[in-house]
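The values are calculated or read from the model by the stated rules, or taken from the named source; none is laboratory data. In this text, all values refer to a predicted model and were calculated from it rather than measured experimentally. Counting neighbours? That spans all protein chains shown, and the Cβs are built from the backbone with ideal geometry, glycine included.
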Amino acid sequence: MAVLDVLITTVAGAASATVGVLVGGVVTRRGQDQQWSRDQQLVAYQELLSHYAKFTMVIKRAHADRQGWDYDWAEWSAVLTRVGLVAPAEVVREIDSFGQSVDRFLDRVARSVDPVRTPLSEEEFREASGEVARAQVRLVEAMRRSMRGRR
């Protein structure tokens, strides 16, 4: 009987250790997947905000210097797509709202105004960018919440 008790204890111990290793592996993998996802989100968020800052400054500088300007809008669209692929639903909704605000901003400062012949003053430019600036704040807040894991 003593041999049977030892055998049962040994088997139970080995089974517990095996289950512990398997559960630990699953938990570790899940944590790694979540970290990878957050890393991808952060890169995409940075890229989106960087492109926004760049084209805003290009357009602002064009008005200040009374010169033409150009921007790679294909890359802007690609960045929006990349962010949409990795962002949670709340951020995607804010990106959509932000994108609509950007479009209205571009209507006011880029599509309907010639910075060479009729440039906007700094005050007019600031006024035209008010809506998109507020949309950017809401977007950044949603991005921060998503990075903290609140989706």
> Residues 58, 27: which one is aliphatic (A, V, I, L, M), under 18 Å from residue 80 (Cβ atoms) and either at pLDDT below 95 or over 20 Å from the mean Cα position of the chain (by Cα) (or both)?
Replying inline: 58
> If you go through the range 107-129 one residue at a time, do you hit one that is touching a residue at least 12 places away in the same chain (Cβ under 8 Å), closer than 27 Å to residue 35 by Cβ and buried (at least 19 other Cβ atoms within 10 Å of the Cβ)?
Replying inline: no
> Which condition number in (1) at pLDDT below 95; (2) farther than 14 Å from residue 139 by Cα; (3) within 25 Å of the chain's Cα centre (by Cα) is the one that residue 105 fails?
Replying inline: (1)
> With 62, 53 as the choices, which residue is buried (at least 16 other Cβ atoms within 10 Å of the Cβ) and free of Cβ contacts under 8 Å to residues at least 60 places away in the same chain?
Replying inline: 62
